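The block underneath contains the structure these notes are about, expressed in structure tokens.
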Amino acid sequence: MFILWLISSLGVLYSIDRYISPGLLIGSSSSGVLVNTTVHSTDPRISYSPPSKCARTLLGSCKHEDDPWEPVTYFSSGMVETFFQLIEPKDKSGSRHSASISFSFKGQAIYIYGPPRRHVKNPKEHVFCLDFSCSTVDVAKIYSDASRWNDEPVLLWSQDGLSGWRSHDVRLTLEDSKSTSGLFFHHLDFTVSEKDVP
């Protein structure tokens, strides 16, 4: 009974104060109880470059010419889901920019998800950078292995064993900086020890 109370208490705290979904207890370690926290693509702490107006608006109320990021909304298990995909990283002068998505957190692990397979066309290699270390991920291979009929987001990249007490920066870009589309983001989860939750 105490665990259910703790989960609901954390959930209310997070959903009101953090714009994130309820914390989910996932286990324990020597550093205490571990809590998984989900941050959605519309969360104001996600930084899109070039800047996105759509990322601050639910259900995609902007036009392609106004924003390089397209919000895609779909229904899954009776819920409305949204993810963002890059259309074309150009400013009003027509100059191209390399596109990225970034987020800062304190935690012991992070998991980054893309949209379900049925919503993805022509995925390209993504580069995931955590602090000063980057790795290239063959996202096309990940999606070819994913079930076409599963409507769940697809895990693209993860990292664990991090120092939970310090801040980490994660950035997602395309491997080919000249690409004008193919970068997408659904949500991320990060894991923090309960004792480190503010």
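The values are calculated or read from the model by the stated rules, or taken from the named source; none is laboratory data. Note that the structure is a prediction, hence the values are computed from the model and not measured. Note that we place each Cβ from the backbone using ideal geometry, even for glycine, and neighbour counts take in every protein chain shown.
Quick one: which of D189, D160, D169 is within 18 Å of V39 (Cβ to Cβ), out of contact with any His (no Cβ under 6 Å at 6 or more places or on another chain), among the charged types (D, E, K, R) and surrounded by 14 or more Cβ atoms within 10 Å (Cβ to Cβ)?
D189
Which one of D138, D169 is acidic (D, E) and farther than 19 Å from P115 by Cα?
D169
Of all the residues that make up region 111-130, how many are more than 18 Å from F84 (Cβ to Cβ) and modelled with pLDDT of 95 or more?
2
Would you list the strands (runs of 3 or more DSSP E) that sit entirely within region 128-198 and hold 2 or more residues that are free of Cβ contacts under 8 Å to residues at least 40 places away in the same chain and closer than 15 Å to I101 by Cβ?
In region 128-198, 133-137 are the strands (runs of 3 or more DSSP E) which contain 2 or more residues that are free of Cβ contacts under 8 Å to residues at least 40 places away in the same chain and closer than 15 Å to I101 by Cβ.
Looking at region 173-180, is at least one residue within 20 Å of L86 (Cβ to Cβ) and either at pLDDT 95 or above or basic (K, R) (or both)?
Yes, the conditions are met somewhere in region 173-180.
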